[in-house]
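*Asks:* Below you will find the structure I want to go over with you.
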Amino acid sequence: MIKKKTLKQHASSSAKSIARIFPILIGMIMLISILTQFLSKEFYANIFKDNILLDPLIGSIAGSISIGGPAISYILGGEMLSEGVSLVAITAFMVSFISVGVLTLPLETHFFGKKFAIIRNILSFVFSIIVAIITITILNLI
């Protein structure tokens, strides 16, 4: 059983951590809010040109600077598909949308260290392109 003194220490430590992270979190939310106003579904439809190598790269870049969870990526992917965006681009977008966090990099750096955060994001970006191309090729959807 946890002693009251230890529980108070843990609560105090947690409150201090939240207080340190709060300004970074608010800044990230404000930046995300600003960027989502500029990136509409028509924007995505205009930048993809049905190129097997260029579309996943663009999709990964777009997904990396956006932010959201898996449920939102499915909705965005469906909207992009209805706008005529290629499946390879949508797949790359969805994978990077979930796994790459350019906007959350300051917070991730704070918690996990600069080297780890940068390497993880670079690998996630590269693999989002590779996964998209392989997935669509295996499914013969190109």
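*Asks:* Any residue in region 53-65 that's farther than 12 Å from Val95 by Cα: show its pairings with residues that are hydroxyl-bearing (Ser, Thr, Tyr) and outside any helix (DSSP H, G or I) at Cβ separation under 9 Å, as long as the two are six or more apart or on different chains.
*Replies:* Asp55/Ser86
*Asks:* I'm told Glu108 meets every condition in (1) over 30 Å from Ile138 (Cβ atoms); (2) outside any helix (DSSP H, G or I); (3) modelled with pLDDT of 85 or more except one. Can you identify the failing condition by its number?
*Replies:* Checking Glu108 against (1) over 30 Å from Ile138 (Cβ atoms); (2) outside any helix (DSSP H, G or I); (3) modelled with pLDDT of 85 or more, the one that fails is (2).
*Asks:* Pull out all pairs, ordered by first then second residue, where Cβ-Cβ is under 9 Å, the residues are six or more apart or on different chains, the first lies in region 119-142 and is within 23 Å of Ile65 (Cβ to Cβ), and the second is surrounded by 11 or more Cβ atoms within 10 Å (Cβ to Cβ) and among the aromatic types (Phe, Trp, Tyr).
*Replies:* Short answer, once both residue conditions are applied: Arg120/Phe112; Ser128/Phe93; Ser128/Phe97; Ala132/Phe93.
*Asks:* Determine whether region 41-63 contains at least one residue that is modelled with pLDDT of 90 or more and of a type in the set (Lys, Arg).
*Replies:* No - not one qualifying residue is present in region 41-63.
*Asks:* Moving to a separate point now. Taking the residues in region 75-109 that are in contact with a helix residue (DSSP H, G or I) (Cβ under 7 Å, 6 or more places away or on another chain) and of a type in the set (Ser, Thr, Tyr) as candidates, determine which candidate is surrounded by the most Cβ atoms within 10 Å (Cβ to Cβ).
*Replies:* Ser96
*Asks:* Can you find, within region 80-105, the residue that is modelled with the highest pLDDT among those that are among the β-branched types (Val, Ile, Thr) and in a loop (DSSP other than H, G, I, E, B)?
*Replies:* Going residue by residue through region 80-105, those that are among the β-branched types (Val, Ile, Thr) are 85, 88, 90-91, 95, 98, 100, 102, 104.
Filter again for in a loop (DSSP other than H, G, I, E, B), leaving 85, 100, 102, 104.
On the way: Val85: 87, Val100: 92, Val102: 85, Thr104: 84.
Of everything passing the filter in region 80-105, Val100 is modelled with the highest pLDDT.
*Asks:* While we're looking at this one, here's another question. Which one is modelled with the lowest pLDDT among residues in region 3-38 that are farther than 30 Å from Gly63 by Cα and among the basic types (Lys, Arg)? Steps first, please.
*Replies:* Filtering region 3-38 for residues farther than 30 Å from Gly63 by Cα gives 3-16.
Checking the rest, the ones that are also among the basic types (Lys, Arg) come to 3-5, 8, 16.
Numbers: Lys3: 57, Lys4: 61, Lys5: 63, Lys8: 83, Lys16: 87.
Ranking the qualifying residues of region 3-38, first place goes to Lys3.
*Asks:* Against the definition (in a helix (DSSP H, G or I), of a type in the set (Val, Ile, Thr) and modelled with pLDDT under 85), how does Ile75 come out, yes or no? Explain how you work it out, then say what you get.
*Replies:* Numbers: in a helix (DSSP H, G or I): yes; of a type in the set (Val, Ile, Thr): yes; modelled with pLDDT under 85: yes.
Spelling it out, Ile75 is indeed in a helix (DSSP H, G or I), of a type in the set (Val, Ile, Thr) and modelled with pLDDT under 85.
*Asks:* Here is a further query. When you look at Gly84, is it touching a residue at least 24 places away in the same chain (Cβ under 8 Å) and more than 14 Å from Gly63 (Cα to Cα), yes or no?
*Replies:* Values: touching a residue at least 24 places away in the same chain (Cβ under 8 Å): yes; more than 14 Å from Gly63 (Cα to Cα): yes.
Criteria met by Gly84.
The values are calculated or read from the model by the stated rules, or taken from the named source; none is laboratory data. Model, not experiment: these values are computed from the prediction. A quick note on method: Cβ atoms are made from the backbone with ideal geometry, for glycine too, and the neighbour counts reach across all protein chains shown.
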